[in-house]
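Visitor: Sharing a structure here in structure tokens format.
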Amino acid sequence: MNGGEIIAKILQKHDVKFLFTLCGGHISPIFVAAEKSGIRVIDTRHEATAVFAADAVSRLSGVPGVVTVTAGPGVTNTVTAIKNASLAQSPLILLGGAAATILKGRGSLQDIDQLSVMKSTCKWSISIRRVRDIVPILEEAFRRCQEGVPGPVFIECPIDILYDEALVKSWYGAKSKDNKPKNLKEQFLQWYVNRHAEKIFEGKDYIDFDRPIKTPGFINHNSNDINKALRMLNHAQKPLFVIGSGAMMQPSQVHQLARAVEKMNIPVYLSGMARGLLGENHPLQMRHRRKEAVKDADLIILAGVPNDFRMDYGNHIGRRPFISINRSKEDLFKNKKPTLPIWGDPSNFLIELAETYQGNCPDWIAKLAQRDQEREADIDQKSEAQANAGINPLALFRQLDKKLSKDAILIADGGDFVATASYTLRPRSPLSWLDPGVYGTLGVGAGFALGAKLVYPNKEVWIIYGDGSAGYSLMEYDTFHRHHLPIISLIGNDACWGQIARDQVHLLGSDCAMNLEFSDYQKVAAAFGGDGRRTETLDDFNKAVDKAQESTLNQVPYIINAIISKSDFRKGSISV
């Protein structure tokens, strides 16, 4: 059994269904063995896409996503996506190829100090030096990436620990008996090389695959935390939940979490991965004017939400009492000390809290609902405005929201267009909205969609792209087609980096580097065996949505290239 086969066996043991990769000679034994063992291997056109796909799998399934990439540029091409997973607190494992152990630092092809590169982006980084160490290192990786605050880990896999022993020893010259050493120096060199090869494989026949899997642990709340929170809630007249991605780290219990929030009868704002937690039209869920609601509340409960720029660094809360629940101690106290800090898993805490608390604040809920209705009416009015050219983006999203399937998963990849979508599209269910998170990374679209479609093959998966962000990953329509993954992309095409342009033109009086073209992006899908349509009117857009949904039933990926008008809907929104 070679190193690649050992890795595949451990991936199977941990219930890994998918392995994402972009091929390279350093790592071929890993994905070849994975495929033979029944793991579905998805090869992408960029390493970042592979990582984004693994990230999505971990967020949606609870099983860490796994990626393998080749040495050097293969590893460094993952850095942005790995940092995005780190900041989004997603557990995943990156297996990176590397030069042979005996050649490290000697100028071998694609040989760099990868551990130093990855240490700043990963929870744990380590290099495998012997075949017998593969199993304990991988077992430890699965534990570390999930425990506490989840995040990515990096395992460097030198080429000589992956291939068959006989082949590796032939590379080392350890089997050759014809080349007799001519002097003492050559004798020592041959002894050293042979000894190094022996050490790599020493003990490999005694590997234990049956050691029990260690359950990843994390800090959890205690009964005193529940009692303190109950006392604060019982004194509150206008409590408010703000629930974010940090509450969604246990995908298996999201429906239980939704029932708990519903039972407590407290109005709630949902953000990040928590969008869709209560479904499409729940009376407790508020969508608009969160800042005003926070300022009117007499108790705010942040569940998996740090006081970062999205909460104006705590300034929205001001001096109001607030409870914060977070697995991350750093996020728990970021910028503002909570009145009641609870270091633990937000989902577990809220589920237990709901066993003993049920709120009763109908007037408060009605007040917030009225605000929501007023904002919705304002959006409706703006959506009816006639565009000078192209489609009013608000009208576009109003129409799309009516047509989305009940099980649609929405992938957010863009700036202004996607932010507009967040105000107007209503995620249908828990785990039906994926965005990059606090890092705000463009380019997540294709990878997130890949992961989502693999985890939920029967659900409708949409990428909401800006025309700027689409440029990062449209090449993956080749991947969608080859792996029979009928994903739909909607590209909001205003021929501009709209979110940046708004501030730049206003503040600096220049549109330098802001302008794109009204390009025929739909032709990319056709080039790779998919289909698509350019739309410039709302009526044509509606027909394109129907065609896209029909195409997915026929296993054909689709692109809707929607020419949209410039919009001042988000004027004043921050872009930095």
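Visitor: Taking the stated definitions as given, is Asp467 under 19 Å from Ile391 (Cα atoms), charged (D, E, K, R), in contact with a Cys (Cβ under 9 Å, 6 or more places away or on another chain) and surrounded by 15 or more Cβ atoms within 10 Å (Cβ to Cβ)? First the steps, then the outcome.
Guide: Numbers: under 19 Å from Ile391 (Cα atoms): yes; charged (D, E, K, R): yes; in contact with a Cys (Cβ under 9 Å, 6 or more places away or on another chain): yes; surrounded by 15 or more Cβ atoms within 10 Å (Cβ to Cβ): yes.
For Asp467, the condition - under 19 Å from Ile391 (Cα atoms), charged (D, E, K, R), in contact with a Cys (Cβ under 9 Å, 6 or more places away or on another chain) and surrounded by 15 or more Cβ atoms within 10 Å (Cβ to Cβ) - is met.
Visitor: Sort out which residues of the range 139-154 are surrounded by fewer than 23 Cβ atoms within 10 Å (Cβ to Cβ) and of a type in the set (A, V, I, L, M, F, W, C), and write them in order of number.
Guide: Val149
Visitor: For the range 210-232, enumerate the residues that are part of a helix (DSSP H, G or I) and among the aliphatic types (A, V, I, L, M). Give the steps one after another, and end with the answer.
Guide: Pass one, the range 210-232, residues part of a helix (DSSP H, G or I): 223-232.
Across the range 210-232, the qualifying residues are Ile226, Ala229, Leu230, Met232.
Visitor: Restricting attention to the range 72-110, which residues are of a type in the set (A, V, I, L, M), part of a helix (DSSP H, G or I) and modelled with pLDDT of 95 or more?
Guide: If we filter the range 72-110 for residues that are of a type in the set (A, V, I, L, M), which is where we start, we get 75, 79, 81-82, 85, 87-88, 92-95, 98-100, 102-103, 109.
Still in the running and part of a helix (DSSP H, G or I): 75, 79, 81-82, 85, 87-88, 102-103.
Across the range 72-110, the qualifying residues are Val75, Val79, Ala81, Ile82, Ala85, Leu87, Ala88.
Visitor: Sticking with this one: So Lys263 ticks every box in (1) basic (Lys, Arg); (2) within 31 Å of the chain's Cα centre (by Cα); (3) farther than 30 Å from Asn360 by Cβ but one. Which box is left unticked?
Guide: (3)
Visitor: Can you run down the residue pairs with Cβ atoms below 7 Å, 6 or more apart or on separate chains, where the first is in the range 33-46 and assigned by TED's automatic domain parsing to the domain that holds Val69 and assigned to a loop (DSSP other than H, G, I, E, B) and the partner is surrounded by 18 or more Cβ atoms within 10 Å (Cβ to Cβ) and among the aromatic types (Phe, Trp, Tyr)?
Guide: Correct list of pairs: Ile39/Phe18; Thr44/Phe20.
Visitor: Return yes when Val505 is surrounded by fewer than 24 Cβ atoms within 10 Å (Cβ to Cβ), more than 17 Å from His46 (Cβ to Cβ) and among the β-branched types (Val, Ile, Thr) and no when it is not.
Guide: yes
Visitor: Only one of these conditions is not met by Ile30: (1) part of a helix (DSSP H, G or I); (2) of a type outside the set (Asp, Glu); (3) closer than 22 Å to Gly443 by Cβ. Which number is it?
Guide: With (1) part of a helix (DSSP H, G or I); (2) of a type outside the set (Asp, Glu); (3) closer than 22 Å to Gly443 by Cβ applied to Ile30, the lone miss is (3).
Visitor: Residues in the range 527-547: is at least one hydroxyl-bearing (Ser, Thr, Tyr), assigned by TED's automatic domain parsing to the domain that holds Ala389 and buried (at least 16 other Cβ atoms within 10 Å of the Cβ)? Give the steps one after another, and end with the answer.
Guide: Let us first name the residues in the range 527-547 that are hydroxyl-bearing (Ser, Thr, Tyr), namely 535, 537.
Add one more test, that the residue is assigned by TED's automatic domain parsing to the domain that holds Ala389, and what stays is 535, 537.
With the extra rule that they be buried (at least 16 other Cβ atoms within 10 Å of the Cβ), the set shrinks to 535.
Yes - at least one qualifying residue is present in the range 527-547.
Visitor: Taking the criterion of being outside the structural domain of Ala544 (by TED's automatic domain parsing), touching a residue at least 40 places away in the same chain (Cβ under 8 Å) and closer than 24 Å to Val254 by Cβ, would at least one residue in the range 372-382 satisfy it?
Guide: Yes, the range 372-382 contains at least one residue that is outside the structural domain of Ala544 (by TED's automatic domain parsing), touching a residue at least 40 places away in the same chain (Cβ under 8 Å) and closer than 24 Å to Val254 by Cβ.
The values are calculated or read from the model by the stated rules, or taken from the named source; none is laboratory data. This is a predicted model, so every value here is computed, not measured. Please note: Cβ atoms are built from the backbone with ideal geometry, for glycine as well, and neighbour counts cover all protein chains shown.
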